[in-house]
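Here's the structure, in structure tokens; my notes come after.
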Amino acid sequence: MSAPSSSPSRSSSPADSAGSITDVAGIEVGHFSDTRRPTGCTVIMAREGAVGGVDVRGAAPGTRETDLLAPGNLVQHVHAVMLAGGSAWGLAAAEGAMRWMEERGIGMDVRFGTLPIVPAAVLFDLPMGDARIRPDAAAGYAACEAASTAAPAEGNVGAGTGALVGKLFGVNRAMKGGVGTASVTVGGVTVGALIAVNSLGDVIDHNTGQPVAGARTEDGKALLDTRRALLRGDLPKPLLAGTNTTIGVIATDAMLTKVQANRLANVSHDGLARAINPVHTMSDGDTLFALATGRVPLEGNAPGMTVLSTMAAEVVAIATLRAVHAARSVTVGDLHVPSAADLAPARG
């Protein structure tokens with residue numbers, strides 16, 4: 001296998017002032033990107049604990065510890081969320097995060113030890129190089145070692161290292177996905193998102209409605225526009241379930257209940273629906289987590305859930321768009337995957 005050619009970067013899109021999920025007080029992010037093939041993992045950490053929620057919309061999810069986030073279940077606080085490549089094998093990265101956090105006394109006191117709560121979700125990046133290489137416990141540990149409150153890198157990093165978008169007409173006509181992040185502050189409350197975009201569908205600029213990255217025409221030189229292609233009767237390639245998936249975390253410094261955190265995760269999928277088409281398919285495992293660090297009470301003139309929901313959907317859409325703007329082309333063996341930057345002239 002030839003060495004993958006890729007380089008992580010900050011986005012060069014017009015939304016350079018969009019902020020990041022680490023603008024939310026109490027949130028840290030760390031990436032691990034494997035140098036042997038394009039894969040990796042990303043940890044979103046809340047050392048002091050955060051009220052957690054989750055909503056799974058895709059039909060082929062790969063997840064861990066999502067049931068405990070249901071409003072009627074006992075555990076209230078989450079200490080990290082792990083996002084990883086490697087399909088279901090990548091769930092092992094959460095074990096490394098648990099070990100790292102336990103060593104530092106982060107987690108629930110269960111009398112016999114300190115138990116970190118680390119839900120996780122994975123995406124399918126196995127077409128990129130040697131599929132036997134995938135994130136493991138050591139990778140998750142390394143992501144935690146790298147975690148900080150600095151604005152995280154975007155594009156070909158962490159869970160988005162091997163991500164592709166627009167695979168409905170075959171991997172050879174797909175484009176590079178990646179990781180994107182954004183935040184918005186209204187009335188003293190901040191909501192941020194970090195999204196790893198590995199979608200079956202195209203990524204859409206939600207401000208213009210135009211595809212930015214996704215399935216390409218047969219000559220590979222321009223965007224096909226998957227929605228229009230399907231509606232005119234173009235036949236997609238046969239699909240293996242679960243070979244796609246967009247996963248991410250929405251965080252806020254607002255003080256939320258577990259019911260509210262789950263609702264925030266639920267409405268955040270509106271952002272995916274604005275930025276990806278088609279989305280939530282039978283071959284995607286789209287999963288979004290919500291974390292509330294509880295630094296700002298929702299009282300007085302503070303925004304309520306309607307405003308927070310609007311903010312959450314917006315930052316998810318922006319972060320999804322930033323992921324493909326920040327991505328760079330990758331060549332692994334005979335597979336060359338261009339980025340949005342490579343096809344930008346063809347969209348004009």
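The values are calculated or read from the model by the stated rules, or taken from the named source; none is laboratory data. Source: prediction; values computed, not measured. No Cβ is skipped: glycine too gets one built from the backbone with ideal geometry, and neighbour counts run over all protein chains shown. Only protein heavy atoms, including side chains, enter the accessible area calculation; ligands, DNA and RNA are left aside. Shrake-Rupley method; radii C 1.70, N 1.55, O 1.52, S 1.80 Å.
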*Using a 1.4 Å probe, what is the accessible area per residue for the stretch 266-348, in Å²?*
36
_Overall dimensions of the chain by Cα: Rg and Dmax, Å_ = 18.6, 62
*Would you compute, from DSSP H runs of 4+ residues alone, the mean residue ellipticity of the chain at 222 nm, taking -39500 (n - 2.57) per run and dividing by the full residue count, rounded to the nearest 500?*
-6500 deg cm²/dmol
*Long-range amide H partners of residue 212 with built H, under 5 Å*: 203, 204, 205
*Can you tell me the Rg and the Dmax, both Å, for the Cα atoms in the stretch 158-305?*
17.3, 58
*the stretch 172-233: Rg/Rh from Cα coordinates, Kirkwood Rh?*
1.11
*asked:* Could you work out what % of the accessible surface of the chain is carbon and sulfur, using a 1.4 angstrom probe and leaving DNA, RNA and ligands out of the count?
replied: 52
*Mind giving me the nanometre distance, one decimal, between the label points for residue 171 and residue 221, set 7 Å out from Cα along Cα→Cβ?*
2.6
*According to the Cα gyration tensor, what semi-axes, each the square root of 5 times an eigenvalue, does the equivalent ellipsoid of the stretch 86-158 have, listed from largest to smallest in whole Å?*
25, 16, 9
*Which distance in nm do the two modelled labels at residue 73 and residue 259 give, with both placed 7 Å along the Cα-to-Cβ direction?*
1.9
_Let me test this: with uniform point scatterers at the alpha carbons of the stretch 20-67, what is the Debye-based log₁₀ I(q)/I(0) at q = 0.13, 0.23, 0.32 1/Å?_
-0.47, -1.06, -1.12
_Between the stretch 123-158 and the stretch 264-317, how far is it from one alpha carbon centroid to the other, in angstrom?_
23
*Rounded to whole Hz and in sequence order, give me ³J(HN,Hα) for the stretch 57-66 from the Karplus expression 6.51 cos²θ - 1.76 cosθ + 1.60, θ = phi - 60°, writing x for Gly and Pro.*
10, x, 8, 9, x, x, 9, 9, 6, 7
*Using only Cα atoms, locate the centre of the stretch 24-57 and the centre of the stretch 185-232, then give the distance between them in Å, rounded to an integer.*
22
*Over the Cα atoms of the stretch 24-143, what is the Rg over Rh ratio if Rh follows Kirkwood?*
0.98
*asked:* Within the chain, how many Lys pairs that are eight or more residues apart, or on different chains, come under 16 Å at the alpha-carbon?
replied: 4
_Per residue, how large is the accessible surface of the stretch 34-88? Use a 1.4 angstrom probe and give square angstrom._
36
*In Å, the Kirkwood hydrodynamic radius of the stretch 108-209 over pairs of distinct alpha carbons?*
16.4
*log₁₀ I(q)/I(0) of the stretch 231-348 at q = 0.11, 0.13, 0.21, 0.23 Å⁻¹, via Debye over equal Cα point scatterers, no solvent, to two decimals?*
-0.51, -0.68, -1.22, -1.32
*How large is ³J(HN,Hα) for each residue in the stretch 170-177, as worked out from phi by the Karplus curve 6.51 cos²θ - 1.76 cosθ + 1.60 (θ = phi - 60°), to whole Hz, x for Gly and Pro?*
x, 4, 5, 10, 7, 9, 6, x
*Residues with amide H under 5 Å of residue 165's amide H, sequence separation 5 or more or different chain, H placed in the peptide plane at 1.01 Å from N; which?*
175, 176, 177
*Please list, in chain and number order, the residues 5+ apart from residue 296 or on another chain whose amide H is under 5 Å from its amide H, with Hs placed from the backbone.*
254, 255
*asked:* If you fit an axis through the alpha-carbon atoms of helix 93-103 and take the longest principal axis of the Cα set of the chain, what angle between them do you get, 0 to 90°, nearest 10?
replied: 30
*Kindly write out, for the stretch 188-194 in residue order, the coupling ³J(HN,Hα) from the Karplus curve 6.51 cos²θ - 1.76 cosθ + 1.60 (θ = phi - 60°), rounded to whole Hz, with x marking Gly and Pro.*
x, 10, 10, 10, x, 9, 10
